[in-house]
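Since the structure comes first, as structure tokens, the remarks are kept for the end.
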Amino acid sequence: MLCLLLVWNSAITRIEAAAPKTGDPRVDASIARAVEYLKTSKLDRPFVVGLVTYTLLSAGEDPESPAVAKGLETIVGKCRKDSGEYRPSGHHIYEATIDLLALEAADPELYLEQIGIITNYLLSEQEKHGGWFYPERKGGLGDTSITQYALLGLWAADRAGVRIENEVFERAAEWHFGTQTPGGGFTYHPAGDNPINRQIRGTMTLAGIGSLAIIRTILFNRAIPEPVLENKANPLKFLERLNPSDQGKGRGERRPPKPIRPQIDKTIDSSYTWMTRNFPLAAPKPTEGNFYYYFYTMERAAALNGWTKFGTVEWYPYGVDILLARQAANGSFPEAATYQQYAPSGTCFCTLFLLKATTKLIPQPSSGPTDLGAGTLAGGRGLPDDLTKVEFKNGKLKTEEPALGDFNKILAGLSMIELPESEEDDSDKLEVDLTDPEKLVGDVDLLERMAEQPEPQVRQIAAWALGKTDNMECVPALVDLLQDPDLGVAIEARYSLCWISRMPNGLGHVPDPTAKYVDYDVAVDVKPIVKEWQDSLYKDWKAWYLEQRPYDERDDFEDPAQTKFRRKR
């Protein structure tokens, strides 16, 4: 009775979560009609069963509903427990991925054995170069579309808790780095005899964007599931989820990913630039079989990157208007003549687009604190936030300086600090009043000592006041602060260097490397981005100072600047 009650309560929970609403009555009605069509479709092609099943689950259908249960039964039948083999009906990587998506969406606990079997199949098909190709044509140079689906499937396996080594995704990233065209686009086949397959396409460019974004999500923003390992008591060696008491008995932690995050971002940005230049002309013609596939690929690429537009075009309303106009009275989205054999895949792709199905799969940003440091508030800098609107005239900055109102937020709880009188004698303390930071300006020795204090707020005040001192003598300390572990301190130091150098935009670095990610719906691990930014800042500003420093500090043997640069915190 208890078991029955638990199952019933679980079913109620699923039903209550069903039928997600988009907020647009037209779209909701279209999805409802498409779902009814899919539920009554005759599925005599096993290679599309997984796609239909996954679409119905994404639309809120219960896993125990007749249409979904039948689809799941078909998928499970392709996984042979006796041999541990996955046997697709003919469409290989595509079929494996959509089957995996359906199982993970239905119940990753219940279907963990089958998910493990299909995952092993996908992993076994990865080529040495990092991409995927047709299994019957091993040794090819890779296929952007097939690789896209393989990674989509492995992402589902990763969400289910199946252990996949980081190397798999790193190799796939390297393959994309090497196959992107100089203009930022991607082709169907990066190499091959057919020139048509080597043409840059919107579908393939979006596929490349989506694949790299999946890799980035897994490597740098992986939602941490319960780990899985082989159960030695299980003679079939299927993957099983670890119990909490089994922690540490598995195969060890994954090694940290290689620092390829900046290259992933750069490659995605380049492809986005290509899409904005070619949007919406990059779309296939409605008579082409991959027309609907293009929209689902677009939704995935945009959702994973937090984009609402390509150029000036909002991609979702654009797609909604086109797709709703093509829906038939029975709820289907009619296939092109050449794609009839794949029906109702077009209806699935359109429904997934309208549902924004990828969004709910993305790990959401944590509401807790980050470990980048606390000093990210806008300070009372000597420069305004928009440095393009300032002008230097006769050595003076011509602008209205901001008030200290925002800066006072940094001072909250820090009205007074105590500094050692000297490095040799810690017994005698020096009290420093922080309630009026303007009074600190000019005392370089004091500020340099403040720049070495453990509190990031104190170091940020020091960076601000060193800049306001407006003296080249302050530059070495500010250059040191560019490498501060707190991002807010490094930002403040950069602004101060811009002030002292009389270069409003400094040496061309962005003011805040994390600003572009603030409004993203997807969580982004910015640590590698911040590190690259800080390393570049330090290198360039150090070179600038060594070139501009006063003559009396240019000593080849005992250079005070070099001594300060080597100072340890």
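Derivation of every value follows stated rules applied to the coordinates shown; laboratory data play no part. Only a predicted model underlies this, so the values are computations on that prediction, with no experimental measurement involved. Here the Cβ is made from the backbone with ideal geometry for all residues, glycine too, and neighbour counts use every protein chain on show.
Could you state the number of Å between the C-alpha centres of the range 446-463 and the range 274-324?
The two parts, judged by their Cα centres, are 49 Å apart.
Using the 10 angstrom Cβ neighbour count as an exposure proxy, how do H129, H176 rank, fewest first?
Least crowded to most crowded, the residues run H129, H176.
Spelling out what I want: for every residue of the range 283-292, take phi, set θ = phi - 60°, compute 6.51 cos²θ - 1.76 cosθ + 1.60 (Karplus), and round to whole Hz; glycine and proline get x.
Coupling constants for the range 283-292: 5, x, 6, x, 7, 7, x, 9, 4, 6 Hz.
Magnitude of the Cβ-charge dipole of the range 40-360, K/R +1 and D/E -1, about the Cα centre, nearest 20 debye?
640 debye
Could you derive backbone 3J(HN,Hα) for the range 63-68 from the dihedral phi with the Karplus parameters 6.51, -1.76 and 1.60 (θ = phi - 60°), listing whole Hz in sequence and x where the residue is Gly or Pro?
Whole-Hz 3J(HN,Hα) from phi for the range 63-68: x, 8, 5, x, 5, 6.
Net charge within 14 Å of R26 by Cβ-Cβ distance, Lys/Arg positive one each and Asp/Glu negative one each, not counting R26 itself?
Value of the local net charge: 0.
Which FRET efficiency value, to the nearest 0.05, do you get for L446 and K531 by plugging their Cβ-Cβ distance into 1/(1 + (r/R0)^6) with R0 = 25 Å?
E between L446 and K531, to the nearest 0.05, is 0.25.
Roughly how many nanometres apart are two label points built 7 Å out from the Cα toward the Cβ at Y134 and L281?
The two pseudo-label positions are separated by 3.2 nm.
Once amide H atoms are built 1.01 Å from N in the peptide plane, which residues 5 or more positions from D62, or in another chain, come under 5 Å H to H?
Correct list: empty.
Once the piece of chain linking R254 and T273 is laid out straight, how much longer is it, given 0.36 nm per residue of separation minus the C-alpha distance between them?
3.5 nm
Near Y538, within a Cβ-to-Cβ distance under 12 Å, what is the net charge of the other residues, with Lys and Arg +1 and Asp and Glu -1?
Within the 12 Å Cβ shell, the charges total -1.
Note the full-extension length gain between V76 and T22 as 0.36 nm times their separation in residues minus their Cα-Cα distance, in nm to one decimal.
Here the answer is 16.3 nm.
Starting at the first residue of the range 316-321, write each ³J(HN,Hα) from the Karplus equation 6.51 cos²θ - 1.76 cosθ + 1.60 with θ = phi - 60°, in whole Hz, x for Gly and Pro.
For the range 316-321, the Karplus-derived couplings read 6, x, 4, x, 4, 4 Hz, x marking Gly and Pro.
Which of D269, D540, D480 comes first, and how do the rest follow, when ranked by fewest Cβ neighbours within 10 Å?
If I rank by nearby Cβ atoms, fewest first, I get D269, D540, D480.
Considering only C-alpha atoms, what is the centroid distance from the range 95-145 to the range 56-90, in Å?
Answer, in whole Å: 15.
In what sequence do R222, R449, R494 fall when counting other Cβ within 10 Å, fewest first?
R222, R449, R494
Which of the pairs K128/K266; K258/K360; K21/K258; K516/K539; K21/K531; K42/K309 have their Cα atoms more than 29 Å apart in this structure?
K21/K258; K21/K531; K42/K309
Can you tell me the FRET efficiency between L141 and R45 if r is taken as the Cβ-Cβ distance and R0 is 35 Å, rounded to the nearest 0.05?
E(calc), rounded to 0.05, equals 0.75.
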